[in-house]
Amino acid sequence: MAKYLFGIDLGGTTAKIGLFDEDLTIQDQWKVKTDISDSGKHIIPNLIKAIQDKIDEKGLNEADCIGVGMGSPGSIHRKDGTVIGAYNLGWDRIVHVRDAFQEVLPDVRVEIENDANVAALGEYAKGAAENTDNLIFVTLGTGVGGGIICDGNLLVGLGAAGEVGHMVVNTSDDAFECTCGKKGCIETIASATGIVHTAEKLLHQGNYDSPLAERMEKGQHISAKTVFDAAKMDDALGLAVVSEAMHYLGISLSQMASVTNPEKIVLGGGVANAGQFMLNFIWPTLQANLFPQLREGLSLELATLGNDAGIIGAAALVLDHND
């Protein structure tokens, strides 16, 4: 009899849900609106109902389901199956996710993990890092997150390993303040937000004959994509911004690699849509700052799963914990 898994990628606007077989092949996927009203108390009941409805729709029963995995923002207590501090969901209190699921589905395994770690597991299970047991995954979006896999196991430490976005790489006086309270974190430089801030800083520090500079001086909106698109057209300011941001990212990646000695570093998230053009800026700095023996066998690649990484990784989380 076929067995199935559910993977949930919980976000502040929507939760993506996937139904998988034991080979992590997607059988169905859909979205549920994330209802953050009333301090987010409806989120888990809505997810439970969505899974129950899918079980009924597919003519399955609880015995057909191995488990439910979920990637969530916030601080995760893996043993207890709880989340706290996911403020974008309204969860400023402890949310007993596993208990809530198992009240309704008592025989179904429920596993929870940080959303960035889950995306790393997705790329490891079915994406750019498949069959790669030593991996650094970094997602470059509004912030910078990541996950580290060593010898085939997700590295969690005391619970918060892999917070790569908060590595301090810029200690100069003009370093940007980070939401974590420190200054100079890589998140403040290489995230989509950080790239825009870097463009604003360089614009005020220099005199650029540049269409991007003209656009900014007119007060027009720019994004990380705007900056990369300009750089690809040899725009002076765009090239300066990309060069600085990717230089710092290369330094941070070299520091991570020096500790973990990975086979691959995989970059995902919206900023990584800049593709090989972006990697060409990172690679020289990464190589130059690595201990020489660590350079051999290391590759820098782009994530391949896109928005499916979270649900695939969440489902893989269940298999990783399946005794």
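The values are calculated or read from the model by the stated rules, or taken from the named source; none is laboratory data. Quantities reported herein were computed from a predicted structural model and do not represent experimental measurements. Cβ: placed from backbone, ideal geometry, glycine included. Neighbour counts: every protein chain shown. With ligands, DNA and RNA removed, areas are computed over all heavy atoms of the protein, side chains included. Shrake-Rupley method; radii C 1.70, N 1.55, O 1.52, S 1.80 Å.
Numbers below:
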| quantity | calculated |
| --- | --- |
| Of the criteria (1) without any contact (Cβ under 8 Å) to a residue 40 or more places away in the chain; (2) open to solvent by less than 70 Å² (accessible area, probe 1.4 Å); (3) part of a loop (DSSP other than H, G, I, E, B), which one K79 fails | (2) |
| Members of the stretch 200-232 that are outside any helix (DSSP H, G or I), touching a residue at least 12 places away in the same chain (Cβ under 8 Å) and either of a type outside the set (V, I, T) or crowded, with 21+ Cβ neighbours inside 10 Å (or both) | G206, Y208, D209, S210, S223 |
| V271 vs. criteria buried (at least 19 other Cβ atoms within 10 Å of the Cβ), touching a strand residue (DSSP E or B) at 6+ places or on another chain (Cβ under 8 Å) and not in a helix (DSSP H, G or I) | no |
| Those residues of the stretch 121-133 which are more than 13 Å from G268 (Cα to Cα) and open to solvent by less than 30 Å² (accessible area, probe 1.4 Å), in sequence order | A125, T132 |
| Filtered residue count, the stretch 149-170, keeping only those that are open to solvent by less than 20 Å² (accessible area, probe 1.4 Å) and assigned to a strand (DSSP E or B) | 1 |
| One residue from A309, A274 being touching a residue at least 60 places away in the same chain (Cβ under 8 Å) and in contact with a Lys or Arg (Cβ under 9 Å, 6 or more places away or on another chain) | A309 |
| Selection count, the stretch 46-62, where residues are in contact with an Asp or Glu (Cβ under 9 Å, 6 or more places away or on another chain) and either outside any helix (DSSP H, G or I) or open to solvent by less than 70 Å² (accessible area, probe 1.4 Å) (or both) | 6 |
